[in-house]
């Protein structure tokens with residue numbers, strides 16, 4: 001099998017959208033859509049009026065007509081909602097979601113992958129987070145209905161994803177264990193999905209996509225290769241300077257004088273052990289230079305995964321005003337990131353974009369009214385009666401405490417769900433105020449200005465691919 005050399009990272013919520021993935025895939029590399037909170041994204045795009053008709057065009061190809069019709073009837077607003085009007089809410093993910101949310105999730109993942117694959121024969125992947133387990137099964141099924149070629153999963157230990165892909169491809173019911181805080185020994189809480197139920201009859205036989213696990217250590221890779229419930233096809237080895245969520249340092253957490261987690265020699269992946277596994281692997285985290293691609297290939301890697309420099313190109317889903325701000329900051333040498341040890345409700349370190357002499361996202365969120373109404377990063381926990389409850393360290397402190405959470409866990413937490421959706425230009429409106437964006441990036445944010453050709457103010461996904469391939473780019477006209 002000939003795998004792509006460059007993987008465009010699956011970033012944020014709708015940052016790695018279908019337009020970006022399609023642009024990269026058309027160039028022969030692997031374009032990847034972010035599968036995070038796509039139900040929210042589809043609902044809001046439809047409520048904004050779907051002015052170019054892309055969502056409805058994709059839904060017209062959705063193989064379960066009743067679902068497509070219900071999604072449009074429920075969420076589509078001809079001409080779009082009033083700018084000052086809030087988006088209509090949708091249900092939050094749970095262990096047993098209602099049919100409306102399940103249908104919307106399946107349809108949303110289909111739409112994103114369908115549009116990314118439209119009009120070319122390149123390969124398209126979808127990126128999911130193991131930490132966000134509740135919508136995973138319908139998300140995978142929707143992506144597979146659209147013919148997704150690769151599934152990439154990180155932020156955890158995705159041992160059950162390979163077998164899940166096998167079962168969904170065969171049209172069989174799938175289930176996996178949900179990580180529930182406080183679960184008793186031997187007690188299991190399961191998420192279940194039956195393709196026949198949503199199809200209203202015998203489901204189609206689907207092609208099983210390649211599965212790539214995003215890992216930070218050879219130990220985890222070895223565990224996945226040997227103990228997963230199905231075939232692992234390769235690994236993306238992501239270092240601590242990559243954007244978004246990072247794996248915590250091995251051993252006790254220690255912070256630098258600036259307040260960032262300290263990573264040491266134990267956190268450097270042993271590439272020899274990866275080579276011994278005999279599976280393809282890609283290196284990620286500050287590899288956005290042609291010489292780094294050459295270096296990776298020399299180390300035995302199949303290629304590299306690159307995220308940050310794609311995040312601020314024309315085709316990505318980030319709001320254009322934010323892109324312009326980051327490009328200007330990179331040109332001025334003022335673009336940096338802070339690895340925040342407490343921002344994410346997941347407990348994983350999370351990188352937040354910083355700009356010299358500007359109000360930080362942390363300051364914005366300290367002043368923000370705490371609210372949790374999307375719920376993708378809620379932590380399932382065992383209630384005293386044995387049932388499953390949900391809490392988020394980013395929700396109102398009193399709510400979290402009443403659910404048995406420690407108040408100390410809430411300090412410094414940000415609402416990643418709402419903040420990342422706002423970054424993609426779909427902020428919720430509350431009492432006339434827009435939800436503030438939350439921008440994540442890797443250490444390569446300082447390299448963003450390199451992508452902009454002389455005489456230009458912005459750049460395209462093609463510019464990034466050409467740069468990484470070492471192709472000389474002509475100045476902009």
*Check the range 398-418 and report whether any residue there is in contact with a helix residue (DSSP H, G or I) (Cβ under 9 Å, 6 or more places away or on another chain), outside any loop (DSSP other than H, G, I, E, B), under 15 Å from residue 12 (Cβ atoms) and modelled with pLDDT of 90 or more.*
yes
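Based on this model, can you work out whether residue 296 counts as under 18 Å from residue 465 (Cβ atoms), surrounded by 18 or more Cβ atoms within 10 Å (Cβ to Cβ), touching a strand residue (DSSP E or B) at 6+ places or on another chain (Cβ under 6 Å) and in contact (Cβ under 8 Å) with a residue 40 or more places away in the chain?
No, not satisfied.
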*Within the range 151-159, is even one residue under 23 Å from residue 189 (Cβ atoms), surrounded by fewer than 23 Cβ atoms within 10 Å (Cβ to Cβ) and in contact with a helix residue (DSSP H, G or I) (Cβ under 9 Å, 6 or more places away or on another chain)?*
yes
*Are there any pairs, at least 6 apart or on different chains, whose C-beta atoms fall under 7 Å, with the first in the range 51-80 and touching a residue at least 12 places away in the same chain (Cβ under 8 Å) and on the phi > 0 side of the Ramachandran plot and the second surrounded by 16 or more Cβ atoms within 10 Å (Cβ to Cβ) and assigned to a loop (DSSP other than H, G, I, E, B), and if so, which?*
80/48
_Enumeration of residues in the range 252-284 that are over 23 Å from residue 345 (Cβ atoms) and in a loop (DSSP other than H, G, I, E, B)_ = 257, 264, 268, 269, 270, 278, 279, 280
*Looking at (1) assigned to a loop (DSSP other than H, G, I, E, B); (2) modelled with pLDDT of 95 or more; (3) closer than 30 Å to residue 440 by Cβ, can you tell me which one residue 213 breaks?*
(1)
*Given the conditions (1) in a helix (DSSP H, G or I); (2) touching a helix residue (DSSP H, G or I) at 6+ places or on another chain (Cβ under 6 Å), report the number of the one that residue 44 does not fulfil.*
(2)
*Are any residues in the range 381-429 in contact (Cβ under 8 Å) with a residue 40 or more places away in the chain, under 22 Å from residue 136 (Cα atoms) and either under 17 Å from the mean Cα position of the chain (by Cα) or surrounded by fewer than 21 Cβ atoms within 10 Å (Cβ to Cβ) (or both), and if so, which ones?*
381, 382, 388, 390, 415, 416, 417, 418, 419, 420, 421, 424
*Residue that is in contact (Cβ under 8 Å) with a residue 60 or more places away in the chain and part of a helix (DSSP H, G or I), where the choices are 377, 468*: 468
*Restrict the check to the range 52-64 and report whether at least one residue is touching a strand residue (DSSP E or B) at 6+ places or on another chain (Cβ under 7 Å), buried (at least 22 other Cβ atoms within 10 Å of the Cβ) and either farther than 16 Å from residue 317 by Cβ or at pLDDT 95 or above (or both).*
no
_Restricting to the range 124-150, name every residue that is in a loop (DSSP other than H, G, I, E, B), touching a residue at least 40 places away in the same chain (Cβ under 8 Å) and surrounded by fewer than 24 Cβ atoms within 10 Å (Cβ to Cβ)._
131, 132, 133, 134, 147, 149
*Inspect all residues belonging to the range 93-113 and state whether any of them is part of a loop (DSSP other than H, G, I, E, B) and farther than 30 Å from residue 391 by Cβ.*
no
_I'd like the residue in the range 436-451 that is surrounded by fewer than 21 Cβ atoms within 10 Å (Cβ to Cβ) and modelled with pLDDT of 85 or more and, out of all such residues, is nearest to residue 317 (Cα to Cα)._
436
*Has the range 225-235 got any residue that is out of contact with any helix residue (DSSP H, G or I) (no Cβ under 7 Å at 6 or more places or on another chain), free of Cβ contacts under 8 Å to residues at least 60 places away in the same chain and surrounded by fewer than 17 Cβ atoms within 10 Å (Cβ to Cβ)?*
yes
_Selection count, the range 266-284, where residues are surrounded by fewer than 20 Cβ atoms within 10 Å (Cβ to Cβ) and touching a residue at least 60 places away in the same chain (Cβ under 8 Å)_ = 1
*Looking at the range 362-380, which of its residues are under 20 Å from the mean Cα position of the chain (by Cα) and crowded, with 16+ Cβ neighbours inside 10 Å?*
372, 374, 375, 376, 377, 378, 379, 380
_When residues of the range 207-220 are limited to those that are surrounded by fewer than 19 Cβ atoms within 10 Å (Cβ to Cβ) and more than 24 Å from residue 267 (Cβ to Cβ), the one farthest from the chain's Cα centre (by Cα)_ = 207
*When you look at residue 237, is it in a helix (DSSP H, G or I) and over 25 Å from residue 379 (Cα atoms), yes or no?*
no
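The values are calculated or read from the model by the stated rules, or taken from the named source; none is laboratory data. None of the values given here were measured: they were computed from a predicted structure. Methodologically, a virtual Cβ is constructed for each residue, glycine included, from the backbone with ideal geometry; neighbour enumeration extends over all protein chains shown.
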